[in-house]
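Before any comments, here is the structure.
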Amino acid sequence: MKVVDGLDQATETYLFGDFALASEYCQKILDKDPYNAGTWHLLGLIAHQLGKNEFAETLIKNAILLKNNDADFYNNLGRVYFSNGNFQAAEINYLNAIKINSHHTKSLSNLAGLFRTIGDLDKAIEYGRLASESDPSDHEARVNLGNVLKDQKQIKSAIKEYRLAINLKPDFALAHWNLSLALLSVGQFEEGFKEMTWRWKWVDFPSIERKFEKPKLDISKNLNTITKSIKLYIYPEQGLGDTIQFLRFGKILKGKNIFSIFECPTELLPLVESSCLFDKVVCQGDDLPDFDFHVPLMDLPYHFGVNIKNLPQKVPYIRLPSYIKDKWSEKLKIYKRFKVGLNWQGNILNPLERLRSLNIENLNSLSKVKNVNWFNLQKTSNRDNFTEISKLFLFNQKGPEPLSELAGLINVLDLIITNDTAIAHLAGALGKPVWVLLHYSADWRWQLEGSQSSWYPTAKLFRQKVRGQWKEVIGEVVNELSKNL
């Protein structure tokens, strides 16, 4: 009995997040009972949480040797393999768990996530539904199923699953976050941005919530109804593309009882300063100015009650410093043919980039379009197929590294063709014609369908009709480009 009580105590400590103390409890149990399978399994979970996956694999395998009929053991071994990218081994172990317990919800749900990751969405939906049916009260299984349905563009069904998850667990931040993305993708901006405010309560959200001595703007505060003058400190939280997209909301602050202070990423500083979007601009890392409240940039549309009808769409809202604008106008005077900037890949560390980026085979037919001066807009050379693609297009100019200079180049081009990267947002914010090449399940900001963008009037959207297939997309681009020459 004491050993079981000890394992309960160790498990409770583990769930509380004190891995060191939980490990000590486990060791005490094993000193008395070295064949306690549950304890070896728990040690494996601790190692997995600490990022020691090879050690976790060994420990959980040891637990299975001692007790080979526990579905949880196989499921968690599958999770370890999945973390290491060994999807085949992960699938085998999830299936082993299901052989032991055909209604093992976690394994069914994990299989749905695995097949979603490798792009087999039919199987992902199959296992996602089985997981939800095996335990309709499992809120995580509901979210997993919702994610797969969203990938298949079954947004209404996805939204239903997210709402069911929230009904089961009202403070489930991940469900709120995913619901926000689904709602935004169908233009339900007011509720979507409200749900997005939950992101800070999701422990795996990639950005860290900022803490200041002064209070955060109250979640219920509508900035349209401010009567008393306030100083508002606004700061970015995610990537440069998100920041560029949401800078437009700085203009709405003008004329209200708000003195706006924006903490600007260094890369954007020359552009933001010359655009006069905020009353004061400070650089990231500078001493904090005096302010009354702070707010993340991406919460501004919620605080303004933005919807699909009042979304600020006027472009350009980013303006170049005159010295950059004049320099690039002079520099490109020698090019007489139609000038097109090309970007085919974004941040290679982003897990979604494998879906978004194009390769040399995709771009071959585009390179054959005649009477075009091509310009490379990739910000660095650390990209797949960079050298080969450069030879294919015979680029006249490589985009300069500073973002403000790259904006100068974009500003004098006739057209920008890009996949879903910060380049699309920069070109759109500058009011330049930009063609955005989108993968099948595009990001929420490009919405589900249509060739026009709610955010950028000068953008034209080219969408994959079949998952992973760029050939038809590029064919449409080639035809459209030929008409413009």
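Can you sort Cys26, Cys264 from fewest to most other Cβ atoms within 10 Å of each residue's own Cβ?
In order of increasing Cβ crowding within 10 Å: Cys264, Cys26.
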- [ ] Mind sorting Asp290, Asp326, Asp151 by how few other Cβ atoms lie within 10 Å of their own Cβ, fewest first?
- [x] Asp290, Asp326, Asp151
Task: trypsin sites (Lys or Arg not before Pro) within segment 228-292, DSSP loop, no more than 15 other Cβ atoms inside 10 Å - done: Lys228, Lys254
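Take Val282, Val473 and order them by how many other Cβ atoms sit within 10 Å, fewest up front. Walk me through the numbers on the way to the answer.
Working: Val282 17, Val473 20.
In increasing order of surrounding Cβ atoms, one gets Val282, Val473.
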Task: Degrees, to the nearest 10: 155-168 long Cα axis against longest axis of the chain - done: 50
TODO: Let me know the volume per residue of the alpha-carbon convex hull for segment 340-485, in Å³.
DONE: 103
Task: In Hz, Karplus ³J(HN,Hα) per residue of segment 308-316 (6.51, -1.76, 1.60; θ = phi - 60°; x = Gly, Pro) - done: 5, 8, 9, 4, x, 10, 5, 10, x
TODO: Label segment 2-180 by shape, choosing from rounded, prolate and oblate, from the square roots a ≥ b ≥ c of the eigenvalues of the Cα gyration tensor; if a/c is under 1.5 it is rounded, and otherwise prolate applies when a/b is larger than b/c, oblate when it is not.
DONE: prolate
Task: Spatially near lysine pairs across segment 1-157, Cα under 26 Å, sequence gap of 8 or more or different chains - done: 25
Task: Residues of type lysines that Lys398 reaches as a straight line, Cα spacing below 22 Å, ignoring anything fewer than 8 places off in the same chain - done: Lys325, Lys327, Lys331, Lys333, Lys336, Lys339, Lys368, Lys370, Lys379, Lys432
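Rule-based calculations on the coordinates, nothing more; no lab input. The shown structure was predicted, so the numbers you read here are calculated from the model rather than taken from an experiment. No Cβ is skipped: glycine too gets one built from the backbone with ideal geometry, and neighbour counts run over all protein chains shown.
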